[in-house]
1. Evaluate the protein assembly as shown: find the radius of gyration of its Cα atoms, find its Kirkwood radius, and give the ratio Rg to Rh.
2. With every protein chain kept in place and ligands, DNA and RNA left out, what is the accessible area per residue of segment A:89-134? Probe 1.4 Å, answer in Å².
3. Determine the percent antiparallel among the DSSP beta bridges restricted to chain B, to the nearest 5.
4. Residue-wise, which Karplus ³J(HN,Hα) couplings in Hz belong to segment A:85-93, taking 6.51 cos²θ - 1.76 cosθ + 1.60, θ = phi - 60°, and x for glycine or proline?
5. Suppose you put the label 7 Å out from Cα in the Cβ direction; list, shortest first and in nm with one decimal, how far residue B:138 is from each other copy's label.
6. Can you give me the Kirkwood hydrodynamic radius for segment B:90-134, using every pair of distinct Cα atoms, in Å to one decimal?
7. With a 1.4 Å probe and all protein chains left in place, how much of the accessible area of segment A:6-85 comes from carbon and sulfur atoms, in whole percent?
8. Give me the angle, in degrees from 0 to 90, between the Cα long axis of helix A:6-15 and the longest principal axis of the Cα atoms of chain A, rounded to the nearest 10.
Protein chains: 2
Amino acid sequence: MMQQDPLELEKMIRDANLRPTKQRIALAELLFADGNRHITAERLHGEAMEAGVTVSLATIYNNLHQFTSAGLLREVVVDSSRSYFDTNVSAHHHFFHEETGMLEDIPDSALNVDSIPSLPEGTEISSVDVIVRVSNIRS
Amino acid sequence: MMQQDPLELEKMIRDANLRPTKQRIALAELLFADGNRHITAERLHGEAMEAGVTVSLATIYNNLHQFTSAGLLREVVVDSSRSYFDTNVSAHHHFFHEETGMLEDIPDSALNVDSIPSLPEGTEISSVDVIVRVSNIRS
DNA sequence: TTTCTTCTTTAGAAACATTCTAATCTATTG
DNA sequence: CAATAGATTAGAATGTTTCTAAAGAAGAAA
């Protein structure tokens with residue numbers, strides 16, 4: 001995404017039918033200014049604090065979900081205790097570092113999933129998520 | 001797995017260096033007697049109650065984790081608010097029904113993941129998890 | 001069997017992430 | 001500017017999971 005310009009961000013927010021409030025713009029900057037990010041609510045809250053923006057946790061959650069509904073973010077489920085949000089919404093997969101809890105993109109082109117078996121009756125694919133869990137080699 | 005015989009179950013528990021207590025045996029029966037299952041702690045607790053076995057939730061969690069460490073169960077991460085435990089510990093993947101929260105196995109042979117890109121420096125694969133999220137076709 | 005040790009279970013408290021509530025505040029529109 | 005619809009917030013509430021400390025059960029040794 002890589003949206004540096006505040007005006008672009010504001011347009012993006014408006015296009016999502018959301019009002020460009022101080023908090024929302026600040027969060028959008030933190031999320032989208034520096035390119036692809038994988039972030040938890042708690043960490044985004046911390047970054048907002050550091051940046052001198054007072055935002056409540058409730059607002060962090062509200063906005064993460066609103067951005068996700070608008071297709072600006074994608075939720076990645078890798079950890080049963082925390083939610084990660086990914087600013088890269090195009091097709092791709094993930095490495096998950098078990099020790100650090102860090103996520104890393106795997107380009108869609110770098111991995112191939114095929115011969116998906118027949119789907120359960122009456123269902124359609126919503127997404128295919130591949131998570132390659134990696135850990136440090138212990139010597 | 002499909003372990004019907006109580007004696008087999010007891011052996012399985014002993015082989016995992018665990019004591020065959022009343023609660024542990026009852027949980028093992030619920031988990032392993034009827035073949036492949038995908039279950040949450042809460043649901044296992046409910047089933048134990050129904051079966052007339054009094055087990056605390058703490059014990060449910062203790063045992064699910066101990067069985068997992070022993071390789072008798074595998075934790076499947078598909079939902080950021082709940083943990084699922086799978087009695088099928090051999091290589092395979094999952095369909096996840098978004099509406100019902102139900103999990104369904106995809107045999108390893110029915111799905112192929114290839115050309116996994118070079119791993120991050122100093123790491124090794126711990127597992128490759130494919131989750132095909134499906135939802136009911138809305139007409 | 002009796003005793004000793006180690007492992008288990010448990011109730012309840014605590015921790016943690018997330019959602020809800022209802023009041024206040026802000027952006028937008030007329 | 002006034003009215004309204006949307007946004008933010010503190011704090012309470014929820015839901016899952018873990019922790020604590022005490023009491024109970026299993027295994028080993030004599």
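1. Working: Rg = 21.7 Å, Rh = 21.2 Å.
My calculation of the ratio gives 1.02.
2. 48 Å²
3. On the way: 13 of 17 bridges.
Approximately 75 percent, going by the DSSP bridge assignments.
4. After applying 6.51 cos²θ - 1.76 cosθ + 1.60, I find 10, 10, 7, 8, 9, 7, 4, 5, 10 Hz.
5. Spelled out, the distances from residue B:138's label point are 4.6 nm.
6. On the way: mean 1/r = 0.0818 Å⁻¹.
Evaluated over segment B:90-134, this radius sits at 12.2 Å.
7. Details: 1970 of 4110 Å².
Carbon with sulfur: 48 percent of the solvent-accessible area.
8. Approximately 70 degrees, to the nearest 10.
The values are calculated or read from the model by the stated rules, or taken from the named source; none is laboratory data. Note that the structure is a prediction, hence the values are computed from the model and not measured. Here Cβ is always computed from backbone atoms with ideal geometry, including for glycine, and neighbour counts include all displayed protein chains. These area figures cover heavy atoms from the full protein model, side chains too; ligands, DNA and RNA do not enter into them. Shrake-Rupley method; radii C 1.70, N 1.55, O 1.52, S 1.80 Å.
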